[in-house]
Amino acid sequence: MKSEQGLEVSITIPKNLLNKLEIVGEGKTPSEAILDVLRNKLSEQELKKSNGVVYTPSELAEYVARKAISYLDTDVNGTLSVLDPACGDGELLNAVSCVCSSIAQLPPILFGVDIDPESVNLASKRLPGTFIGVSNNGLCPHSLPCNEGWDLLGKELGVNSDGFDLIIANPPWGADISSYQELIEKSDFSLRHGQYDTSDLFVEMAYKQLKTGGVFAFIIPDSLFYQERSRLREFLVKKTEIRFIGRFGEGVFPSVNRACAVVICKKKSTSEKHMVECVRISGENRKKLLNGLISFTEAEAKLSHPVPQVRFLNNKDYIFNIDIDESLNSVYSKVLNMPMTCGDYLQGSRGVELSKKGNVTKCSNCGDWSPLPKKEKYICKRCKFLNTVSEDSKCVIIHKHDHGVSRKIIVGEAISRYDLNSDLWIELDKKGINYKKLEVYSGNKIVVRKTGVGISASIDYASCLTNQVVYMFKLKESATDKTFIELFIMILNSRMAFFFVAMTNGEIEWKSHPYLTQNQILSVPAPKLENLSEDSLTRLERYAYELKKVIKSGKPIPEKLDAKVERLVADIYGLDYEDYKFIFMAIEKSQELKSVKALKMIDIDDVFNEGLD
């Protein structure tokens with residue numbers, strides 16, 4: 001085949017497209033037929049992406065199906081009614097069928113719903129005789145609000161009015177719901193407020209369509225554990241008996257850079273004594289899992305532990321801190337029970353809404369500048385004019401030298417533990433760029449890198465600007481003269497804080513988009529300063545002075561000072577040698593990243609033997 005330039009081009013056609021050539025190729029040249037097929041394939045991929053489609057690997061499907069069925073009541077009368085409201089090609093329903101056959105249970109009636117008719121057709125061929133499928137929107141069937149649509153769809157499917165015994169799904173993640181947003185708003189979803197994922201809405205829909213005592217099992221994004229998903233966690237904790245929570249990380253879905261979780265719940269109230277089966281598969285264990293050296297069941301047997309559901313209920317934001325087993329709970333509780341938080345002393349803000357590269361573009365209509373968009377065309381925020389980015393309209397405003405009307409700026413990668421490299425400058429005269437008010441940057445402030453695992457923080461004593469991936473924290477006006485900003489850098493960079501944040505949010509390994517939130521920083525427990533002993537205050541003042549010199553010098557913190565600061569933090573928080581054994585154990589289990597390596601420069605004996613003056 002020849003390209004437009006007349007060059008010979010060799011194209012390898014995937015086998016699964018060859019059959020389509022016979023259909024679309026009639027009356028066309030081979031090259032025209034190939035291009036038509038490729039266009040259709042790309043259209044299918046875009047449609048699947050907009051619908052949040054991520055197909056379930058068979059090993060995960062079998063594992064989730066087996067777990068879910070094990071939690072069903074043993075006295076289920078008659079046949080088992082099973083629904084997958086986003087069934088795709090029927091992988092999960094097939095797994096349910098296979099598991100039921102292996103345990104000699106009555107054959108289940110499998111109901112499948114999917115927005116894609118081709119997928120439903122594939123599922124029908126795969127599950128002959130036991131499958132009843134329909135192409136429809138699983139959230140708002142028949143273009144009706146959720147409850148009305150499901151009332152109608154349930155009658156069409158012949159489902160008992162009391163609901164399904166089991167609902168199992170890998171629902172769409174981050175699907176585009178703009179075409180039926182109005183129906184979502186009319187559906188009275190309690191989880192549609194604030195930040196939510198489409199998978200959250202499928203969870204709530206499933207709860208409504210499940211019979212009392214029934215079970216739902218969902219494969220959902222790892223964002224279940226993020227602070228902004230508190231509404232989903234509150235829904236699960238208060239309305240269901242959670243039977244299983246699994247955190248499996250990235251790589252489970254081939255070529256998908258999103259971490260996944262599994263949650264299995266029973267529609268019933270729970271007791272204060274109920275224990276949730278929890279498992280976290282990370283590090284070497286996940287490598288073995290992905291390489292087929294161990295199974296999900298074998299990994300679970302090795303790593304799972306029970307956690308009381310009431311703990312999640314009592315946690316701030318209903319955090320699912322599943323990494324904390326009984327052995328870690330004592331030291332975690334000591335930290336958690338401190339009377340204050342960093343948020344009582346610090347106030348947070350963010351810097352210039354601009355990437356570290358400083359690429360900007362100028363509107364050809366009003367002349368305002370804005371960050372360079374990812375796409376060639378963009379709408380100006382000020383005048384709403386549709387622009388096309390050109391070489392003439394672009395420029396860079398962050399440089400390695402003073403560039404006229406400029407000030408120094410700190411970007412994320414310039415920050416590491418107690419270290420700061422502020423060798424970049426930003427132009428300040430580009431109208432339209434959201435620089436924020438310059439007084440926001442004035443004075444001493446803690447700067448924390450947003451992205452990454454663990455806390456990387458330092459202090460800026462030079463009133464530098466920062467960009468959007470740097471959090472800034474200043475002392476509140478209510479803070480007393482005796483409040484040292486250096487105390488809070490000691491706390492945030494301590495091994496204690498790493499342990500607390502890691503155990504609270506489960507961030508102990510690299511993933512595609514790891515990040516901290518301001519709320520996570522401000523939620524770190526803190527002491528009541530007026531309750532500190534004279535000895536602690538004296539040491540604090542001395543170490544603050546030493547730290548200030550170290551940070552201003554740009555040199556690494558000396559190991560001796562690091563040990564003394566850590567021991568001060570331990571004493572302030574009432575933590576002893578045995579407590580720090582667990583803290584160092586958590587550090588050891590974490591992935592060997594730069595922020596973690598910095599914590600391993602000293603060991604527990606340095607803290608408790610060398611950390612006193």
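The values are calculated or read from the model by the stated rules, or taken from the named source; none is laboratory data. Predicted model only: the values in this text are computed from it and were never measured. Cβ sites come from the backbone with ideal geometry, for glycine too, and all protein chains shown count toward neighbours. The area values use the complete protein model at the heavy-atom level, side chains included, leaving out ligands, DNA and RNA. Shrake-Rupley method; radii C 1.70, N 1.55, O 1.52, S 1.80 Å.
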Some residue of segment 324-340 being among the hydroxyl-bearing types (Ser, Thr, Tyr) and over 22 Å from His305 (Cα atoms): no
Residues of segment 158-179 satisfying the condition of being within 30 Å of Thr130 (Cβ to Cβ), surrounded by 16 or more Cβ atoms within 10 Å (Cβ to Cβ) and modelled with pLDDT under 90: Val159, Trp173, Ala175
Neighbours by Cβ (under 7 Å, 6+ apart or cross-chain): first from segment 428-455, within 20 Å of Arg417 (Cα to Cα); second of a type in the set (Phe, Trp, Tyr) and surrounded by fewer than 18 Cβ atoms within 10 Å (Cβ to Cβ): Asn444/Tyr461; Lys450/Tyr515; Thr451/Tyr515; Val453/Trp510
Residue in segment 461-476 that is farther than 17 Å from Lys552 by Cα, in contact with a His (Cβ under 8 Å, 6 or more places away or on another chain) and surrounded by fewer than 20 Cβ atoms within 10 Å (Cβ to Cβ) present: no
Strands (runs of 3 or more DSSP E) within segment 73-182 that include 2 or more residues closer than 24 Å to His193 by Cβ: 164-169
Residue satisfying all of: in segment 323-332; free of Cβ contacts under 8 Å to residues at least 40 places away in the same chain and assigned to a helix (DSSP H, G or I); nearest to Gly574 (Cα to Cα) among these: Asn329
Check on Ser190, among the polar types (S, T, N, Q), surrounded by fewer than 17 Cβ atoms within 10 Å (Cβ to Cβ) and more than 14 Å from Gln209 (Cα to Cα): yes
Residue under evaluation Glu326, criteria (1) surrounded by fewer than 20 Cβ atoms within 10 Å (Cβ to Cβ); (2) farther than 29 Å from Val276 by Cβ, criterion not met: (2)
Val335 vs. criteria over 28 Å from Pro171 (Cβ atoms) and in contact (Cβ under 8 Å) with a residue 60 or more places away in the chain: yes
Check on Thr297, open to solvent by less than 20 Å² (accessible area, probe 1.4 Å) and of a type in the set (S, T, N, Q): no
Test for Gly149: is it touching a Cys at 6+ places or on another chain (Cβ under 9 Å), small (Gly, Ala, Ser) and free of Cβ contacts under 8 Å to residues at least 40 places away in the same chain: yes
Members of segment 237-247 found to be crowded, with 21+ Cβ neighbours inside 10 Å and free of Cβ contacts under 8 Å to residues at least 60 places away in the same chain, listed by number: Thr240, Gly246
Matching entry among Arg286, Arg280 (being in contact with an Asp or Glu (Cβ under 7 Å, 6 or more places away or on another chain) and open to solvent by less than 70 Å² (accessible area, probe 1.4 Å)): Arg280
Matching residues in segment 222-232 - criterion: being out of contact with any Asp or Glu (no Cβ under 6 Å at 6 or more places or on another chain) and surrounded by fewer than 23 Cβ atoms within 10 Å (Cβ to Cβ): Asp222, Ser223, Phe225, Tyr226, Glu228, Arg231
Phe320 among the aromatic types (Phe, Trp, Tyr), within 30 Å of Arg233 (Cα to Cα) and either touching a Leu at 6+ places or on another chain (Cβ under 8 Å) or not in a helix (DSSP H, G or I) (or both): yes
Residues located in segment 290-318, provided they are of a type in the set (A, V, I, L, M, F, W, C), out of contact with any helix residue (DSSP H, G or I) (no Cβ under 6 Å at 6 or more places or on another chain) and within 28 Å of Ser330 (Cα to Cα): Ala301, Leu303, Val307, Val310
Those residues of segment 400-423 which are farther than 20 Å from Val550 by Cβ, out of contact with any Asp or Glu (no Cβ under 6 Å at 6 or more places or on another chain) and either free of Cβ contacts under 8 Å to residues at least 24 places away in the same chain or open to solvent by less than 30 Å² (accessible area, probe 1.4 Å) (or both), in sequence order: Asp402, Ile409, Val411, Gly412
Residue match in segment 353-376 (condition: in contact (Cβ under 8 Å) with a residue 60 or more places away in the chain and closer than 30 Å to Leu236 by Cβ): no
Restricting segment 86-141 to residues that are β-branched (Val, Ile, Thr) and more than 29 Å from the chain's Cα centre (by Cα), the residue that is most open to solvent (accessible area, probe 1.4 Å): Ile103
Per-region count, segment 328-378, residues under 30 Å from Thr504 (Cβ atoms) and not acidic (Asp, Glu): 26
Cβ-Cβ under 7 Å pairs, at least 6 apart or on other chains, segment 106-133 side within 16 Å of Leu80 (Cα to Cα), far side at pLDDT 95 or above and among the acidic types (Asp, Glu): Gly112/Asp84
Unique residue being modelled with pLDDT of 95 or more, in contact with a Pro (Cβ under 9 Å, 6 or more places away or on another chain) and either under 30 Å from Ser478 (Cα atoms) or surrounded by fewer than 18 Cβ atoms within 10 Å (Cβ to Cβ) (or both) when the list is Cys383, Cys395, Cys342, Cys366: Cys342
Failed condition for Glu477, given (1) in contact with a Leu (Cβ under 6 Å, 6 or more places away or on another chain); (2) among the acidic types (Asp, Glu); (3) over 20 Å from Glu566 (Cα atoms): (1)
Hey, Leu313 under 23 Å from the mean Cα position of the chain (by Cα), more than 30 Å from Tyr573 (Cα to Cα), outside any loop (DSSP other than H, G, I, E, B) and aliphatic (A, V, I, L, M) or not: no
Qualifying strands (runs of 3 or more DSSP E) (wholly inside segment 355-452; at least 3 residues being within 29 Å of the chain's Cα centre (by Cα) and hydrophobic (A, V, I, L, M, F, W, C)): 445-449
Some residue of segment 52-59 being touching an Asp or Glu at 6+ places or on another chain (Cβ under 8 Å) and modelled with pLDDT of 95 or more: no
Segment 225-277: number of residues that are small (Gly, Ala, Ser) and outside any strand (DSSP E or B): 6
